[in-house]
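Enquirer: Pasting in a structure now, in structure tokens, and then I'll have a few things to ask.
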Amino acid sequence: MQQIDLKAIDQFIEAFPPGIQLRDGMFEIEGVYFHFTREAVGEDTALCFTATLGYLPFTIESLSKRMELQAIFLAANLLERARFWIDTQQFLQVEYKVTTQQPADNEEILYQFLTFYQQAQPFLRLVGERL
């Protein structure tokens, strides 16, 4: 199992020092650009992290890559937190949605992202190697 790039995680955390609220937007870790949103649901908070990883190749030469990517996404269906899919425009996507039981502060947001990222990272690397 490969290790998460802790330097990238540290940069992500340092970008949001205590007292500054994380805002919706984009951030990059290990070459993957994630989009982050949150929404108040009563007293709880719905968090969503998404990323577009690339597109499913369609050339004759890419048949084996396409099959490998589809196999990776099929295997990723077993993940608890990360949802990988191919959208209608053939873009490769990953997403994590969670509702916290309280208003989400920075620590809760970082915790939720890191638990998602730890689980998704091996699959993200496999996808990246094939694009």
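Enquirer: Express the relative contact order of the stretch 69-124 as a whole percentage, based on alpha carbon pairs under 8 Å and six or more residues apart in sequence. Can you show the working numbers first?
Expert: On the way: 38 pairs, mean separation 18.7, N = 56.
Dividing the mean separation by the residue count of the stretch 69-124 yields 33 percent.
Enquirer: Within the stretch 93-124, list the residues whose amide N lies under 13 Å from a label point set 7 Å along Cα→Cβ of Ala40.
Expert: 103-104
Enquirer: Then there is this: Find how many whole Å separate the alpha carbon centroid of the stretch 87-131 from the alpha carbon centroid of the stretch 34-79.
Expert: 8
Every number in this text was worked out from the coordinates using simple rules, so none of it is lab data. The model shown is predicted, which means the values in this text are computed figures rather than measured ones. Neighbour counts run over all protein chains shown; Cβ positions are idealised from the backbone, glycine included.
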